[in-house]
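Some notes on the structure that comes next.
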Amino acid sequence: MRDETRLLHTAVDDLPFNALTPTVHRASTIVFPTVESFLSRHTRFYDGYSYGLYGHPASRNLAAQIAALEGGVRSLIVPSGMAAIMVTNLALLRAGDHVLLPDPVYGPSRSSAKQFMSGLGVEASFYDPLCGVGIAALMRPNTRLVWVESPASFTMEVQDLPAIAQAAHAHGALVAVDGTWASPLGFKALSHGADIAMQALSKHVGGHSDLLLGSVTVASEELFRRIKDASRFLGLGVSPEDCFLALRGLGTLAARLERQTASALKIAARLAEHPGVARVIYPPLPGDAGHALWRRDFQGGCGVFSVVLQPRAENRLAACVDGLRLFHIGASWGGLHSLVAPVQIEGTRTVSPWRDRGPLVRFSIGMEHPDDLLEDIELGLDRYGFDREVAAE
């Protein structure tokens, strides 16, 4: 079954109630018919239902769908993308272990490694996202986990996952990938060597900017049980209503991504020719530094790209962004409405310095007409102005 078809056919049906939409069960307590079944309820923790916190039909349904899309053995649904990152770290890392993260990793993931995991005795190091096989030189005897985020959230570096996975596995480490940018439709991380693939389902899968969920998909039952156990100890449960919304979002995911990617390509190509733009960073765009790896490993894109503006007086950026009519200023992406996020890169990296001089702005292209969005951005660039002497250098 192809992904576009799978998105519209739910995987679990627990009731003889024929409907095109999944059933939502609201419950904390699950009742049992006998003393024996109640006393043995913990044996159902991984595969059945024992208590509402640990799973319900909507979460099992969504997990089955995500696992199928990712090409994994099992998936776990958790309250957010950050929860997916942290439950993975806490399940797989112990005091004395070492974890590697790409330098432009998602900001809260970087902060948690330095401020929280370090307090548990886990040491984190950051690496150049473009190092590829060179990551072998950074592996230590106690390196247990290597994180990959491809493309990076703001600066869009595409990582050589097969090369990184081969080097990590040769040293006995696991590889976890944040593949939220492309969704499971656009990037099958497990098929390129990852052991764990996580998603912030709040973004593309939800698709309407109205839910918080995350997923962790794994390549083995053993890994699933380790992460599922950690979720139990952390008390991580998810709402059946949010799972319902995510399942509903899956139905339109392929169509939304196709439309948003096409719009983003059109807008990004036009902006790349604008004199006020120093650089457009968008892997699906021919000429982008990550385009070759994106074409090799990815099956699709999305509507998220970044723009480096020509250097200009700093207060001009606010004039550009604040006056946009169709873009809301916000930190997420993947919804119906277009978003814009000015980014401060300086001081956030320790290994791969950011060398562009102009401000960085990330756009998430929604479902509006691309010509309207482009006109809005071009008017913003008129307000911004640019340094023609710098542009000519």
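The values are calculated or read from the model by the stated rules, or taken from the named source; none is laboratory data. As the structure is a computational prediction, the values presented were derived from the model and not from experiment. Using ideal geometry, Cβ is built from the backbone for each residue, glycine included, and neighbour counts are taken over all protein chains shown.
Observations, loosely collected:
- Put simply, of 95, 91, 84, 67 the only residue that is farther than 30 Å from residue 134 by Cα and among the small types (Gly, Ala, Ser) is 67.
- If you filter segment 11-43 down to residues that are among the β-branched types (Val, Ile, Thr) and within 29 Å of the chain's Cα centre (by Cα), you find that the one that is modelled with the lowest pLDDT is 12.
- Just one of the listed residues (102, 129) is in contact (Cβ under 8 Å) with a residue 60 or more places away in the chain, over 30 Å from residue 242 (Cα atoms) and not hydroxyl-bearing (Ser, Thr, Tyr), and it is 129.
- Only listed residue being closer than 19 Å to residue 333 by Cα and at pLDDT 95 or above, chosen from 170, 176, 182, 163: 182
- Among the residues of segment 152-203, those that are farther than 25 Å from residue 261 by Cβ and touching an Asp or Glu at 6+ places or on another chain (Cβ under 6 Å) comprise 174, 175.
- Where strands (runs of 3 or more DSSP E) fall wholly inside segment 274-393, the ranges with 3 or more residues that are touching a Pro at 6+ places or on another chain (Cβ under 9 Å) are 304-309, 360-364.
- Scan segment 39-60 for residues that are in a helix (DSSP H, G or I) and either crowded, with 23+ Cβ neighbours inside 10 Å or touching a His at 6+ places or on another chain (Cβ under 7 Å) (or both) and the total you get is 3.
Okay, residues lined up against (1) farther than 13 Å from residue 228 by Cβ; (2) in contact with an Asp or Glu (Cβ under 6 Å, 6 or more places away or on another chain); (3) among the charged types (D, E, K, R); (4) free of Cβ contacts under 8 Å to residues at least 40 places away in the same chain:
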{"residue": "30", "(1), (2), (3), (4)": "yes, no, no, yes"}
{"residue": "36", "(1), (2), (3), (4)": "yes, no, yes, yes"}
{"residue": "39", "(1), (2), (3), (4)": "yes, no, no, yes"}
{"residue": "68", "(1), (2), (3), (4)": "yes, no, no, no"}
{"residue": "71", "(1), (2), (3), (4)": "yes, no, no, no"}
{"residue": "85", "(1), (2), (3), (4)": "yes, no, no, no"}
{"residue": "89", "(1), (2), (3), (4)": "yes, no, no, no"}
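- Residues located in segment 171-217, provided they are surrounded by fewer than 24 Cβ atoms within 10 Å (Cβ to Cβ), under 19 Å from residue 231 (Cα atoms) and touching a Phe, Trp or Tyr at 6+ places or on another chain (Cβ under 6 Å): none
- Residue check for residue 134: within 30 Å of residue 307 (Cα to Cα) and over 14 Å from the mean Cα position of the chain (by Cα): yes
- Single match in 76, 53, 93, 62 (criterion: in the same structural domain as residue 105 (by TED's automatic domain parsing), in contact (Cβ under 8 Å) with a residue 24 or more places away in the chain and over 25 Å from residue 42 (Cβ atoms)): 93
- Put simply, of 68, 84 the only residue that is more than 16 Å from the chain's Cα centre (by Cα) and either basic (Lys, Arg) or outside the structural domain of residue 297 (by TED's automatic domain parsing) (or both) is 68.
- Among the residues of segment 120-154, those that are part of a loop (DSSP other than H, G, I, E, B) and either within 24 Å of residue 81 (Cβ to Cβ) or not assigned by TED's automatic domain parsing to the domain that holds residue 204 (or both) comprise 122, 128, 129, 130, 150, 151, 152, 153, 154.
- Failed criterion for residue 99 (all others in (1) under 16 Å from residue 172 (Cα atoms); (2) out of contact with any Lys or Arg (no Cβ under 8 Å at 6 or more places or on another chain); (3) not in a helix (DSSP H, G or I); (4) not basic (Lys, Arg) hold): (2)
- Among the candidates 340, 351, the residue that is of a type outside the set (Gly, Ala, Ser), in contact (Cβ under 8 Å) with a residue 12 or more places away in the chain and more than 26 Å from residue 204 (Cα to Cα) is uniquely 351.
- Qualifying position, being touching a Gly at 6+ places or on another chain (Cβ under 8 Å) and either surrounded by fewer than 16 Cβ atoms within 10 Å (Cβ to Cβ) or under 30 Å from residue 245 (Cβ atoms) (or both), among 83, 165, 152, 67: 83
- A Cβ distance below 6 Å, combined with a sequence gap of six or more or placement on separate chains, defines the contacts here; from segment 225-250, residues that are of a type in the set (Lys, Arg) reach residues that are surrounded by 16 or more Cβ atoms within 10 Å (Cβ to Cβ) and part of a helix (DSSP H, G or I) in the pairs 226/91.
- Residue 141 being of a type outside the set (A, V, I, L, M, F, W, C) and surrounded by 20 or more Cβ atoms within 10 Å (Cβ to Cβ): no
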